[in-house]
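Since the structure comes first, as structure tokens, the remarks are kept for the end.
FYI, it's all coordinate maths here, none of it is from the lab. All figures in this text were calculated on a predicted structure; none of them were measured in a lab. Neighbour counts run over all protein chains shown; Cβ positions are idealised from the backbone, glycine included.
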Amino acid sequence: MIETIYIEKKIKDHPRTISILSKFKKARHIEIDKYGEVFNKHNQNFRIQKNNPALILAYKKEGYVLPAPEGFGIGSSKNYYFSHMYNCIYDCRYCFLQGMYSSANYVVFVNFEDFDDEIKKIIQKHPEDSLTFFSGYDCDSLALEKVTGFAKHIIPFFQKHPNVDVEFRTKSIQIEPFSLIKPMDNLVIAYSLMPDLISKSLDNKTPSILKRINAMSVLASKGWKIGLRFDPLIHGKDWKDLYTKMIIMVFNSIPVSSIHSVSFGPLRFPKQMFKDIFKLYPNEPLFLGPLLQNKGIISYSNEIEQEMTFFCKELTAKYINESQIFKCSA
């Protein structure tokens, strides 16, 4: 439950602000000039804040849509991402956000229309290119949908641009607004997945893998295209057996015709980010495992990465065409 909501004065009377505030009737309101004065304060403790994060409602001035990192994509020639929110309601041990931000508070930007305008400009700038836009790089794109309504807002925009793809990536089991509208060929609902035993240890506060698979199954039955994102791949005891069972379970639950794409991503952190995260969890077995430093990146060895990717790709290729399988190295 959100107990404290910070509100930028500039948007205190914005209709979206009023709508969000109405959903937290018992929360105290604190007006601020800029979200950064709370979110970017020095000497914050991410771990302590994560136990009871505040909500910050703000106006985003720039950077609505950004080029996706190299190696991040599912086949388009140009890839972009946008984030209506900073931080995530979940608490996954490997999440890069805890090394990126000093604050665990949630920032929600209410000026959604500016995202629309920026996406439109990019589409007009690249009329001959295949484009994919990713929602949820700096947050889970659907976990707080009932509060923000961002997906409900942005979907009609992409309905008007059927030649441009959009992906909503999530670990949530939020199936609205998708369950209420006609499926779109250019929209992918992508689920982050890992073996259940590993997820129970690392995916804190998230819906179980089985619940995610059930949500995928419901949406697939309604005609939506589903993305499978095995990211990051986690090494450990019996990993081959664990990933085999999970992948078989997923493909036994979701019709192959409903699978848009599959991607595998390695566990990687920039060196400084890893140091910051390690300070939060110095006894976390994940960070005490077979990790190496190479060119400023902390990761498994190339041998482990290649073995895991090859193994999972070979298993997945028994079900779908290899052209639908991607390696996400970002």
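Quick look at the values:
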| quantity | calculated |
| --- | --- |
| Selection within region 250-275 - buried (at least 17 other Cβ atoms within 10 Å of the Cβ) and in a helix (DSSP H, G or I) | 250, 251, 258, 273, 274 |
| Residue ID - farthest from residue 39 (Cα to Cα), chosen from residues in region 66-103 that are aliphatic (A, V, I, L, M) and assigned to a strand (DSSP E or B) | 66 |
| First in region 4-23 and farther than 16 Å from residue 84 by Cα, second anywhere and assigned to a helix (DSSP H, G or I), Cβ under 7 Å, 6 or more apart | 5/21; 6/38; 23/147 |
| Identity of the residue in region 13-46, among the hydrophobic types (A, V, I, L, M, F, W, C) and in a helix (DSSP H, G or I), that ends up farthest from residue 281 (Cα to Cα) | 18 |
| Sole exception among (1) among the hydroxyl-bearing types (Ser, Thr, Tyr); (2) within 17 Å of residue 94 (Cβ to Cβ); (3) more than 20 Å from the chain's Cα centre (by Cα) for residue 263, by number | (3) |
| When residues of region 291-330 are limited to those that are assigned to a strand (DSSP E or B) and of a type in the set (Ser, Thr, Tyr), the one surrounded by the fewest Cβ atoms within 10 Å (Cβ to Cβ) | 299 |
| Filter pass, residue 286 being surrounded by 18 or more Cβ atoms within 10 Å (Cβ to Cβ) and either among the hydroxyl-bearing types (Ser, Thr, Tyr) or over 30 Å from residue 187 (Cβ atoms) (or both) | yes |
| Failed item, numbered, when residue 58 is tested on (1) surrounded by fewer than 18 Cβ atoms within 10 Å (Cβ to Cβ); (2) touching a residue at least 12 places away in the same chain (Cβ under 8 Å) | (1) |
